[in-house]
Amino acid sequence: MSLFGGNEKSTGDTITVIAQIRAKSGHEDEVRSSLEKLAGPSAKEPGCLTYHILEDAHYRGSFFTHEEWESETALEAHLQLHKAALDKTKALLSEDMRISVLRLLA
């Protein structure tokens, strides 16, 4: 079963993922550090085409990932591999992570 609500198999189409992550006040540095530690290994995973961590220039502690994956299957493998770290980070967030899985239209 897919983490994104369906049972369909990946078609192999490249996908882009944008995740929004907002740290609780006082935990910005800890969340930043966790995300920075995740970036290098994630970029080397099978199926990862790009993996970037960004911080909003005007709102400290508001982070985004910009990721490109060969397929949703590769993304799901990534999320499973890092589930423990992601679960630990959740306690430091002011709201749930928002993950958008996108397909290029034009």
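The values are calculated or read from the model by the stated rules, or taken from the named source; none is laboratory data. Being a predicted model, the structure only gives us computed values, none of them experimental. Please note: Cβ atoms are built from the backbone with ideal geometry, for glycine as well, and neighbour counts cover all protein chains shown.
Of note:
- Members of region 81-100 found to be under 20 Å from LYS44 (Cα atoms) and touching a residue at least 40 places away in the same chain (Cβ under 8 Å), listed by number: HIS82, ALA85
- Tally, over region 61-106, of residues that are over 16 Å from THR50 (Cα atoms) and of a type in the set (Gly, Ala, Ser): 7
- So GLU72, is it surrounded by 16 or more Cβ atoms within 10 Å (Cβ to Cβ), touching a strand residue (DSSP E or B) at 6+ places or on another chain (Cβ under 8 Å) and at pLDDT below 95: yes
- Extreme residue, surrounded by the most Cβ atoms within 10 Å (Cβ to Cβ), among residues of region 13-38 that are within 23 Å of ARG103 (Cβ to Cβ) and within 13 Å of the chain's Cα centre (by Cα): ILE21
- Per-region count, region 86-96, residues in contact with a Lys or Arg (Cβ under 9 Å, 6 or more places away or on another chain) and surrounded by 14 or more Cβ atoms within 10 Å (Cβ to Cβ): 2
- First in region 35-53 and at positive phi, second anywhere and charged (D, E, K, R), Cβ under 7 Å, 6 or more apart: GLY47/GLU70
- The listed residue being in contact with a Leu (Cβ under 7 Å, 6 or more places away or on another chain) and crowded, with 16+ Cβ neighbours inside 10 Å, out of ILE99, ILE53: ILE53
- Region 56-69, residues that are out of contact with any Leu (no Cβ under 9 Å at 6 or more places or on another chain), over 19 Å from ALA85 (Cα atoms) and surrounded by 12 or more Cβ atoms within 10 Å (Cβ to Cβ): ASP56, ARG60
- Odd one out for THR65, checked against (1) more than 17 Å from SER25 (Cβ to Cβ); (2) modelled with pLDDT under 95: (2)
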